[in-house]
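K.L.:
Below is the structure I would like to discuss, written out as structure tokens.
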Amino acid sequence: MATPLLEIRGLRVKYGNVEALHGIDLTVGQGEIVTILGANGAGKSTTLRAISGLVKPSAGELLFDGRPAGAIPAHERVKLGIAQSPEGRRIFGTLTVRENLLLGAFTRTDEKEILETARWIYQLFPVLEQRRTQLAGTLSGGEQQMLAIGRALMAKPRVLLLDEPSLGLAPLLVKAIFQTVREINRSTGVTVLIVEQNARAALKLAHRGYVMEVGRIVHADTAERLAADESVQNAYLGKGTRKAGGAPKPH
């Protein structure tokens, strides 16, 4: 594995009296693409929210580039280099595509470089340039997902957190978005941590993966080995009697 960029150790998160994460350990190396697989309710999104500072852990340690980051507020973590594209996209529908992108750069002051980043994102997602003056709420689901990823990239992150980027999208759009994520990683070295229920697509994209069940890490390996593992195939790749994802539960 590459030099660790993001590490969580013994992470616990509670919602009231209910513990959602039961002391998990996870490491993401510099330049890696790592995926977290699991059914709804496994704790995947909670893990990303804890990393980005949107929920406060009850115990555990977060290290970023070898330094403690658990006490740093969410907006300061963006400055540090952690940016998230949330589940459900959460774009601002009454603002234009361009305005949404510029909001992603709210922690930056380098105006010239901000515009250069926006031009780069338009190259990644040409449809966003075509729609740049259009209200974001009028975009298709796939276009909104591109915008959510682009908005996160406007922060010039060192690690990009992607929460269910394929949710509700047609297979061809999923393939196109995942190819773009791979290109972002390859061309810029941005580290990617992706939560995804489309296990097949995620394992094709990622270098390594973790499998979560009810708030615990139950399996960790290279993406290739996870894809070949019979228990992972049965649970998440539709090759066994148990269906991928299971019954819907809240994150």
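K.L.:
So which of 71, 105 ends up being touching a residue at least 40 places away in the same chain (Cβ under 8 Å) and either small (Gly, Ala, Ser) or in a loop (DSSP other than H, G, I, E, B) (or both)?
P.N.:
105
K.L.:
Considering the stretch 29-68 alone, what residues qualify as being over 21 Å from residue 16 (Cβ atoms), assigned to a strand (DSSP E or B) and out of contact with any Phe, Trp or Tyr (no Cβ under 9 Å at 6 or more places or on another chain)?
P.N.:
Of everything in the stretch 29-68, those that are over 21 Å from residue 16 (Cβ atoms), assigned to a strand (DSSP E or B) and out of contact with any Phe, Trp or Tyr (no Cβ under 9 Å at 6 or more places or on another chain) turn out to be 29, 33, 61, 62, 63, 64, 67, 68.
K.L.:
Here's another thing I want to ask about it. Within the stretch 186-223, restricting attention to residues that are more than 16 Å from residue 237 (Cβ to Cβ), surrounded by fewer than 22 Cβ atoms within 10 Å (Cβ to Cβ) and among the hydroxyl-bearing types (Ser, Thr, Tyr), which residue is farthest from the chain's Cα centre (by Cα)?
P.N.:
187
K.L.:
Here's something else I'd like to know. Return the total of residues in the stretch 12-43 being closer than 11 Å to residue 217 by Cα and either buried (at least 23 other Cβ atoms within 10 Å of the Cβ) or touching a helix residue (DSSP H, G or I) at 6+ places or on another chain (Cβ under 8 Å) (or both).
P.N.:
8
K.L.:
What about residue 27, is it without any contact (Cβ under 8 Å) to a residue 40 or more places away in the chain, closer than 26 Å to residue 231 by Cβ and among the polar types (S, T, N, Q)? It would help to see each step written out before you state the result.
P.N.:
On the way: without any contact (Cβ under 8 Å) to a residue 40 or more places away in the chain: yes; closer than 26 Å to residue 231 by Cβ: yes; among the polar types (S, T, N, Q): yes.
In short, yes.
K.L.:
Quick one: which residue in 33, 8 is at pLDDT 95 or above, closer than 30 Å to residue 132 by Cα and of a type outside the set (Gly, Ala, Ser)?
P.N.:
33
K.L.:
Could you tell me how many of the residues in the stretch 127-157 are in contact with a strand residue (DSSP E or B) (Cβ under 6 Å, 6 or more places away or on another chain), touching a residue at least 40 places away in the same chain (Cβ under 8 Å) and of a type outside the set (A, V, I, L, M, F, W, C)?
P.N.:
Selection size over the stretch 127-157: 1.
K.L.:
The conditions are (1) more than 18 Å from the chain's Cα centre (by Cα); (2) buried (at least 17 other Cβ atoms within 10 Å of the Cβ); (3) under 24 Å from residue 109 (Cα atoms), and residue 139 fails exactly one of them. Which is it?
P.N.:
(3)
K.L.:
Something else now. Considering only the stretch 30-76, how many residues are of a type in the set (A, V, I, L, M) and over 17 Å from residue 160 (Cα atoms)?
P.N.:
Residues meeting the conditions: 6.
K.L.:
Related question: Do you know which residues across the stretch 105-126 are surrounded by 16 or more Cβ atoms within 10 Å (Cβ to Cβ) and either over 14 Å from residue 155 (Cα atoms) or in contact with a strand residue (DSSP E or B) (Cβ under 9 Å, 6 or more places away or on another chain) (or both)?
P.N.:
Residues satisfying the conditions are 122, 124, 125.
K.L.:
For the stretch 77-102, which residues satisfy the criterion of being part of a loop (DSSP other than H, G, I, E, B) and over 18 Å from residue 164 (Cβ atoms)?
P.N.:
Scanning the stretch 77-102 gives 81, 92, 93, 94, 95.
K.L.:
Does residue 174 qualify as being aliphatic (A, V, I, L, M), at pLDDT below 90 and either under 16 Å from residue 196 (Cα atoms) or buried (at least 22 other Cβ atoms within 10 Å of the Cβ) (or both)?
P.N.:
It is true that residue 174 is aliphatic (A, V, I, L, M), at pLDDT below 90 and either under 16 Å from residue 196 (Cα atoms) or buried (at least 22 other Cβ atoms within 10 Å of the Cβ) (or both).
The values are calculated or read from the model by the stated rules, or taken from the named source; none is laboratory data. None of these values were measured; they are calculated from a predicted model. Quick reminder, even Gly has a Cβ in these numbers, built from the backbone with ideal geometry, and neighbours come from all protein chains shown.
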